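Below you'll find the structure, written out as structure tokens, and then a few comments.
Nothing in this text is a laboratory measurement; each read-out follows from the coordinates by a stated rule. Computed from a predicted structure; not experimentally measured. All Cβ positions, even for glycine, are placed from backbone atoms using ideal geometry, and neighbour counts span all protein chains on display.
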Amino acid sequence: MKNLILSLLLASALAFKLNAQNVSVPGNESPTHNLIKIEKMETKTNESQSFAEYQEVAKALQPYIKSARTGDGKLSRSAFYDHAHVVGSMDGEFNNVDADQFGENLSTFGPSENIQHHIAWIDISGPAAAAKVEFIDWLGFRFTDFFVLYKKDGQWKISGKVYDSHSRN
């Protein structure tokens, strides 16, 4: 008798919990169950779109990353909006240049064939994004670049860059 009462109590508690979580037992689907299926499908679609968006931001950074290796200032310039600025310091000297000047400077530095890079993170909120890229052996030094990007007319571009030149600060 005790076992029967205990079993009934456990079954009632489980039914209450499933109902409270809007979960239905298979074969007894409710309209709520169908809504959960739709939400899961929308979540999966949103995750796929989100993943694709991260790839697009990473792709937008590639001209800049490639220009670090090649020393091609024009290629670097193509990754930035016209209004973009680059801010940081090297050898204790504060630098604040527009994207044109940064591209010209990069061209004078020349290639860094042994450079390595790593996109540490990308954070996206609608048409706005931020990214952190680490470089090692860029002209023999380590740099950390923080980018702010914006998506306009379906295309991501760099709106600004702030950098740390580590041992060159």
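Miscellaneous remarks
- Within segment 92-146, none of the chymotrypsin sites (Phe, Trp or Tyr not before Pro) combine a DSSP coil assignment with at most 15 other C-beta atoms in a 10 angstrom radius.
- Spin-label proximity, D100 to segment 69-89 - amide N less than 20 Å from point 7 Å beyond Cα toward beta carbon: 72-88
- Counting Lys and Arg as +1 and Asp and Glu as -1 over every other residue whose Cβ lies under 9 Å from the Cβ of W156, the net charge comes to +2.
- Distance (nanometres) between label positions extended 7 Å along Cα→Cβ at K66 and T108: 2.6
- Evaluating 6.51 cos²θ - 1.76 cosθ + 1.60 at θ = phi - 60° for every residue in segment 82-95, the Karplus couplings come out as 4, 7, 5, 10, 10, 10, x, 9, 9, 6, x, 9, 5, 10 Hz, glycine and proline recorded as x.
- 5 angstrom amide H check on G71, placed H, neighbours 5+ away: S112
- Surrounding net charge for R69, when Lys and Arg each add one and Asp and Glu each subtract one, Cβ distance under 12 Å: -2
- Filtered GluC sites (Glu not before Pro), segment 71-133: DSSP coil and at most 10 other beta carbons within 10 Å: E113
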